[in-house]
Amino acid sequence: MNTRRFSILFGILACTILVLSVKAEEEVKKTAENGAVIFYRTRSAKGGAIRLRITAGDNADVGHLTNGSKIVKELPVGEFTFVVTSPSIGGRDSVTINVEAGKTYYVKGQALMGWPAARPKFTLMDEKKGKAESDKIK
């Protein structure tokens, strides 16, 4: 009886993992005219409670990067400046990306020591390292 329950539970779990991995691949698919920017933040105890607010251009909200999360944005070709802020003195950083069609860009967000809270840091990563790190985040 327990073996049967375990088999059913394992089957459901396997199907769920398969569906989630397919959705993750669909998230990053780009059209020929657009590129993608993936903002990610690896899990860390340092500054873990701080949410990093990301805006683009004229303060258009991109989202909040929390500890161990990622945000995927498909964008048209062109130059974009993304700003990250936190409730800290000097709590602002930015990165400018010239988005090209069919390319994926990886931006790593970090929470560094700051006062009275962690200060944000954006780093534009190379594709290989950025993909490897962001793929670990679900």
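Entry note, region 45-138: relative contact order of 27 percent, from Cα contacts under 8 Å with a spacing of 6+ residues. Among 58, 135, the order by Cβ neighbours within 10 angstrom, fewest to most, reads 58, 135. Using alpha carbons only, how many angstrom separate the centre of region 117-138 from the centre of region 30-79? Their Cα centres are 10 Å away from one another. Phi-derived couplings, Karplus 6.51 cos²θ - 1.76 cosθ + 1.60 at θ = phi - 60°, listed residue by residue for region 53-58: 8, 10, 10, 10, x, 8 Hz, with x used for Gly and Pro. With the simple spin-label model, which puts each label point 7 Å out from Cα in the Cβ direction, the residue 96 to residue 60 separation comes to 1.8 nm. Taking amide H as placed 1.01 Å from N in the peptide plane, residue 69 has its amide H under 5 Å from the amide H of 41, each at least 5 places away in sequence or on another chain. Sorting 52, 112 by the number of Cβ atoms found within 10 Å of their own Cβ, with the fewest placed first, yields 112, 52.
Throughout, read-outs are computed from the coordinates displayed, never taken from laboratory work. Quick caveat: nothing in here was measured; it's all calculated off a predicted structure. Counting neighbours? That spans all protein chains shown, and the Cβs are built from the backbone with ideal geometry, glycine included.
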